[in-house]
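One structure below.
Please treat every number below as a calculation from the coordinates, not as lab data. Bear in mind that the values here come from a model prediction, so they are computed numbers and not experimental data. Neighbour counts run over all protein chains shown; Cβ positions are idealised from the backbone, glycine included.
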Amino acid sequence: MKISVISLDFAGVIVSKSFIDYFWLELVPYAYSLRHSIPLSKAKSTVYEEYEKVGSNRIEWYLVDYWAKKFRIEEYIPKLLDIARSKIVVYNDAREVIPKLASKVSNIIIATNTSIEFINLFFDAYPEFKRYIKKVYSCVSHYNMPHKTREFYESIVEDLHIKPEEILHVGDDPIYDYEIPKSIGINAIIVCRSRGKVLHGRNVISSLKELLGIIEELNIETRLN
């Protein structure tokens, strides 16, 4: 069946994860140090320890509001997010390819476990992408799930009123962006840009530029079958 939807993970695919890391690892501890009048080094130790107590398998790990209330830094959050926005780095291949993909498929969506606050920062900083990316699905913000599960992908398929094989999902995690979507029939590709991290296989690419050819190949295979 012809590919009609391109599904893109957010951090690590469209943008670098660095601005999100900067928010959690630098800005939140800085606000904590101001709020509680303690040295930044001590604030970092305290904040990082609290992060580890929660862990990435709990939904709270990803929630800005949860940590703002826990650390009593609510008043600082708008400014922290504004600073984080200035740190957003869009990958060059994403800038080039996303407009071209829009002419190849009916819909481009974001499917991610990044919370919506950070995605909104991206659209605020780069509003031109709103022309191409029509829907955002955050498992954290919209489904209260810490990770992208089968149910998450199934809900996307249902919401778009299409068949799983009409979607090509692109992400950077072998489990949540490849194995899980593939398990329900979604076409999936892993993008691996890191020189120090090598993944091999037909479904691994090093640049989003390769997607244009992959879509053509998948559509040709569909016509031949």
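Details
- In terms of distances greater than 21 angstrom between alpha carbons, the cross-link table entries Lys2/Lys100; Lys104/Lys148; Lys17/Lys42; Lys100/Lys209; Lys104/Lys134; Lys42/Lys70 yield Lys104/Lys148; Lys17/Lys42.
- Phi-derived couplings, Karplus 6.51 cos²θ - 1.76 cosθ + 1.60 at θ = phi - 60°, listed residue by residue for region 77-92: 4, x, 5, 4, 5, 5, 5, 4, 4, 5, 9, 5, 10, 8, 5, 4 Hz, with x used for Gly and Pro.
- Among residues other than Ala31 with Cβ under 9 Å from its Cβ, the summed charge is +1 (Lys and Arg +1, Asp and Glu -1).
- Calculated Cα Rg over 2.2 N^0.38 Å (choose from (i) 1.09; (ii) 1.14; (iii) 1.26), label: (i)
- Distance cut-off 15 Å, percentage of C-alpha pairs in region 18-85 lying past it: 48
- Computed extension length for Lys209-Lys130: 26.5 nm, one decimal, from 0.36 nm per residue of separation with the Cα-Cα distance subtracted.
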